[in-house]
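Read-outs: derived from the displayed coordinates by stated rules, not from any lab. Computed from a predicted structure; not experimentally measured. Here the Cβ is made from the backbone with ideal geometry for all residues, glycine too, and neighbour counts use every protein chain on show.
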Amino acid sequence: PLKTFELLGAEVPQVSAVMIQYMMLQGLAVNAQKLIRMGKLFLTIIFASMADVDYELREAMKPYYFQYGTYLAFGCLIFTISCCYSTVAPIILPFATIYFSFDYLIQKYQLLYVHTPSFETYGMFWPVIIKFMLHGLVLAQSSLMIILGLKFGYMQQFLLFPLPIVTWLYSSHLTTTFGQLMTDLSMTLSNAANLDSERPQ
């Protein structure tokens with residue numbers, strides 16, 4: 001049984017090479033495909049050629065909505081993977097920086113010039129994002145403690161034990177202290193949202 005724990009402790013950090021390749025694939029190839037948008041261009045050409053009236057042509061040429069939930073969830077996933085492997089394989093951090101740099105530029109360009117926002121959040125996504133990020137940090141700290149235990153670093157594991165608890169308490173503190181402020185719109189933003197919704201398209 002001890003050999004099993006030693007094997008796990010030695011092999012788990014080496015899986016970081018797979019995660020680095022995954023990040024590079026997502027950061028360079030997949031983001032480049034999002035920028036080129038060959039699939040959407042192909043579908044637009046097909047639907048436009050099949051359109052019989054002007055309404056169908058406008059619907060075929062209309063830009064797609066920005067998928068907030070998909071992009072934010074995937075960003076939180078990459079953030080969690082980066083945090084989990086940052087201590088056992090710090091070489092992953094430059095690749096995570098490359099991914100987020102490319103993703104930020106491409107998603108910002110698409111949000112401003114390509115996609116049509118289906119709604120405006122007025123900062124309402126921030127509580128959700130910070131909650132997911134702190135939970136990912138708790139998962140990364142717990143993973144580090146498990147790896148230290150697999151390598152028989154019981155003293156280090158004991159010293160790190162309060163860390164995920166403090167992070168979780170801080171997340172709860174943000175929710176209880178600023179939860180209402182982060183989820184309820186102020187009067188200024190509410191008026192701005194009403195004016196924005198009444199603006200002619």
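Worth a mention:
- Label-point gap, in nm, between ALA60 and THR44 - each point 7 angstrom along Cα→Cβ: 1.3
- At full extension, ALA73 and TYR113 could sit 12.2 nm farther apart than now, given 0.36 nm per residue minus the alpha carbon distance.
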